[in-house]
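Written out below as structure tokens is the structure these notes cover.
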Amino acid sequence: MLEIWGRRTSSNVQALMWCIGELGLPYKRHDVGHIYGGNDTPEFLVMNPNGTVPVLRDGDYEPLWETGAILRYLADRYGTPAFWPKDSVARARVDKWAEWSKLNIAMAFTQPIFWKVVRTAPSKQDPAAIQAAIAHLDHFLDIAEVQLSRGSYISGDTFTLADIQFGHVLFRYFDIPITRQDRPCLRRYYDALTARPAFREHVMVDYEELRVVD
Ligand SMILES: N[C@@H](CCC(=O)N[C@@H](CS)C(=O)NCC(=O)O)C(=O)O
């Protein structure tokens with residue numbers, strides 16, 4: 001049985017839970033972090049000295065942190081060869097897009113845009129900084145748009161671990177009030193993700209508990 005520590009509203013927890021859902025694995029999740037607290041206790045810090053979520057424990061093995069590492073562990077141990085190829089070259093193609101997505105999409109969206117729009121009081125928001133962050137993200141979304149014009153998924157024609165790292169921020173990207181350029185392939189891709197039960201359950205999660213108001 002997998003045990004997960006992390007609140008449903010954490011984007012990294014969402015990536016992990018979506019992966020667990022896609023792989024059909026049984027789990028128990030504890031609400032930890034942000035309004036739930038619990039990530040600064042001695043017990044938690046023994047599992048993860050960073051005090052961040054998610055943390056995953058698989059049976060009696062040592063607890064894991066860093067979402068990218070956890071996703072690779074689950075994919076390697078429980079994923080199909082289509083989701084996480086056995087062949088080094090094919091796997092590197094998936095991993096390349098997964099890493100790129102974490103660094104250039106998820107990290108460029110969550111703190112610089114989502115936090116500044118939702119987790120910052122309107123009176124303290126900086127529209128110019130938000131617009132600059134959107135322009136930065138747009139550059140990488142243009143690359144994604146070209147890639148998605150070539151195949152149904154971010155690393156090709158198959159749903160893989162890279163889609164978890166790329167797609168898990170798209171619900172919020174399309175939901176918050178920001179300027180979005182017209183990208184038909186990205187929109188088609190996102191619409192397809194919203195038909196996946198695990199994406200609906202673990203990613204399309206209400207984020208009102210995070211909102212900061214004046
Ligand atoms: N690099 C880490 C980042 C983990 C992280 O920053 N998690 C956030 C939530 S997305 C967190 O723990 N925030 C503190 C909290 O929720 O209290 C990873 O990818 O897992």
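Nothing in this text is a laboratory measurement; each read-out follows from the coordinates by a stated rule. The model shown is predicted, which means the values in this text are computed figures rather than measured ones. Quick reminder, even Gly has a Cβ in these numbers, built from the backbone with ideal geometry, and neighbours come from all protein chains shown.
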Highest GNM mean-square fluctuation among 88, 101, 155, for the chain with Cα springs under 10 Å, belongs to 88
Scan of the chain for trypsin sites (Lys or Arg not before Pro) in DSSP loops with at most 16 other beta-carbon atoms within 10 Å gives a longest site-free stretch of 1-85
Residues meeting the amide H criterion for residue 53 (H placed from the backbone, H to H distance under 5 Å, 5 or more places apart or on another chain) are none
Within segment 82-105, the residues whose backbone N lies under 17 Å from a label point placed 7 Å from the Cα of residue 136 along the Cα-to-Cβ direction are 100-105
Candidates 198, 92, 108; GNM for the chain (alpha-carbon contacts under 10 Å) flags as most fluctuating 92
The alpha-carbon center of segment 73-103 and that of segment 1-69 are separated, in whole Å, by 20
Which of 166, 109, 140 fluctuates most in a GNM of the chain (C-alpha springs under 10 Å)? That residue is 140
Taking every other residue with Cβ under 13 Å from the Cβ of residue 39 and scoring Lys and Arg +1, Asp and Glu -1, one gets -2
Taking every other residue with Cβ under 11 Å from the Cβ of residue 19 and scoring Lys and Arg +1, Asp and Glu -1, one gets -1
Restricting to Cα pairs under 8 Å and 6 or more apart, the percent relative contact order of the chain works out to 25
Whole-Å distance linking the alpha carbon centroid of segment 129-157 with that of segment 175-211 is 14
Contact order relative to length for segment 88-202, counting C-alpha pairs under 8 Å separated by 6 or more residues, stands in percent at 33
With 0.36 nm assigned to each residue of separation and the Cα-Cα distance removed, residue 146 to residue 126 gains 4.1 nm
Proximal lysine pairs in segment 1-150, meaning Cα under 26 Å and 8 or more positions apart or interchain, come to 5
Calculated from DSSP helices alone, with each H run of at least 4 adding -39500 (n - 2.57) and the total divided by the residues of the chain, [θ]222 nm to the nearest 500 comes to -14000 deg cm²/dmol
A correct Karplus calculation of ³J(HN,Hα) over segment 95-110, with 6.51 cos²θ - 1.76 cosθ + 1.60, θ = phi - 60°, whole Hz and x for Gly and Pro, returns 5, 4, 6, 5, 5, 4, 5, 4, 6, 9, 10, 4, 6, 7, 9, 5
